[in-house]
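Worksheet: one structure, shown below.
Quick note: the coordinates plus some simple rules give every number you see, no bench work behind them. Keep in mind that this is a model prediction, so the values were computed, not measured. Please note: Cβ atoms are built from the backbone with ideal geometry, for glycine as well, and neighbour counts cover all protein chains shown.
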Amino acid sequence: MKTVHTITEARQLLDDARASGQRVGLVPTMGFLHDGHASLMRAAASACDVVISTIFVNPLQFAEGEDLEDYPRDLARDQAICAEAGVTLLLVPSVEEMYPTPIVTEVAVPPLANVLDGISRPTHFGGVATVVSKLFNIAGPCHAYFGEKDWQQLQIVTRMALDLSAPVTVVGCPIVREPDGLAMSSRNVYLTGEYRTAATVLSRALRRGVDLVASGQTDAAGVVGAMEELFHAEPLADLDYAAAVDASTLQPVDQISENVRLLVAAQLGPARLIDNTDAHRPNSLP
């Protein structure tokens, strides 16, 4: 694996790879990697000849008061994980490299970004879409791998690539979970003691929703209400939202049909966590 720090070097290496007939896979990350990230890298390595991963804590997607400065970082550990997972090129740019002048361009996908997490974090997805658009331009024609845990982000990135005719195929990959059901996240490191135990309420709420659908419940309000009850019974969890939405448009639904996603978000101490599942996949959760 080769580590580079400049856009020019990464772009040249990828252009050379494609010129020789190699297929490129891209895995964007903010670092402090876990097996969820590694699963994306392994998926890319299984389908592509060259896998570029990026580690960049993007300031554009952090609002004032969020954890930009405290976001966990460990480059040496991340490099080892990338190498083991099959990454061949690692781009680790500085903020100055990515944004050499104050950026005035923003990529926005309002219908998908102004709901769910976009209500609590109104500037977040503009920052995500802008940096991912930039990474797509750096990587060039490729397959880009994103985790389904960030379902809203996945829909935004997919629609952005389509609308802007990016030469990128976006690939969504399954959520990787801890044995007790907690979805893997870099922010899980913030969870200690009682908060770590309480954090399973997210996957337990989703499991309750999926079980209700499997038993024949089709009323979305009833499913969401049952999910909310679990959060109300967990004093350490501050529920942001529980929702049943169209999986593609992210708009609320009245009835549970085949294309419905259940999503939850909650604050547990210092950590804001999100999770989701297909409403019709009873075996997708522990």
In degrees, nearest 10, the alpha-carbon axis of helix 75-85 is tilted away from the dominant principal axis of the alpha carbons of the chain by 90 degrees
Rounded, prolate or oblate (a/c below 1.5 giving rounded, otherwise prolate when a/b exceeds b/c) for the stretch 149-221 by Cα gyration tensor: oblate
Taking a label point 7 Å from the Cα of ARG18 along the Cα→Cβ vector, which residues of the stretch 39-73 have an amide N closer than 15 Å to it? 49-52
Reduced to Cα centres, the span from the stretch 167-193 to the stretch 76-154 in Å works out to 16 Å
Where is the GNM fluctuation largest for the chain (alpha-carbon springs, 10 angstrom cutoff): VAL189, VAL171, VAL51? VAL189
Zone reached by a paramagnetic label modelled 7 Å from ARG187 Cα along Cα→Cβ, restricted to the stretch 243-286 with backbone N below 18 Å, covers 243, 263-277
Virtual spin-label span in nm between LEU162 and VAL104, 7 Å along Cα→Cβ: 3.2 nm
Across VAL245, VAL157, VAL104, the residue with the highest GNM fluctuation in the chain (Cα network, 10 Å cutoff) is VAL104
Selected from THR101, THR54, THR123 as most flexible by GNM, with the chain as the system and alpha-carbon contacts under 10 Å: THR101
What angle, in degrees between 0 and 90 and rounded to the nearest 10, separates the Cα long axis of helix 124-139 from the longest principal axis of the Cα atoms of the chain? 30 degrees
Multiply the residue separation of ASP49 and ILE119 by 0.36 nm, subtract the distance between their alpha-carbon atoms, and state the gained length in nm to one decimal. 21.3 nm
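How about the stretch 1-104: which chymotrypsin sites (Phe, Trp or Tyr not before Pro) there lie in a loop by DSSP and see at most 15 other Cβ atoms within 10 Å? Don't jump to the answer; show the numbers that get you there.
On the way: sites: PHE32, PHE56, PHE62; in loops: PHE32, PHE56, PHE62.
Taking the stretch 1-104 and a limit of 15 other Cβ atoms within 10 Å, no loop chymotrypsin sites (Phe, Trp or Tyr not before Pro) are found.
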Tally the DSSP beta bridges in the chain and give the antiparallel ones as a percent, rounded to 5. 50 percent
Starting from the coordinates of the alpha-carbon atoms of the chain, obtain the Kirkwood hydrodynamic radius over all distinct pairs and give the value in Å to one decimal. 19.6 Å
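What number, rounded to the nearest 500 deg cm²/dmol, is the helix-based mean residue ellipticity at 222 nm of the chain, given -39500 (n - 2.57) per DSSP H run of at least four residues and division by all its residues?
The helix-only estimate for the chain comes to -11500 deg cm²/dmol at 222 nm.
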Restricting attention to the alpha-carbon atoms of the stretch 186-277, what are Rg (one decimal) and Dmax (integer), both in Å? 13.2, 38
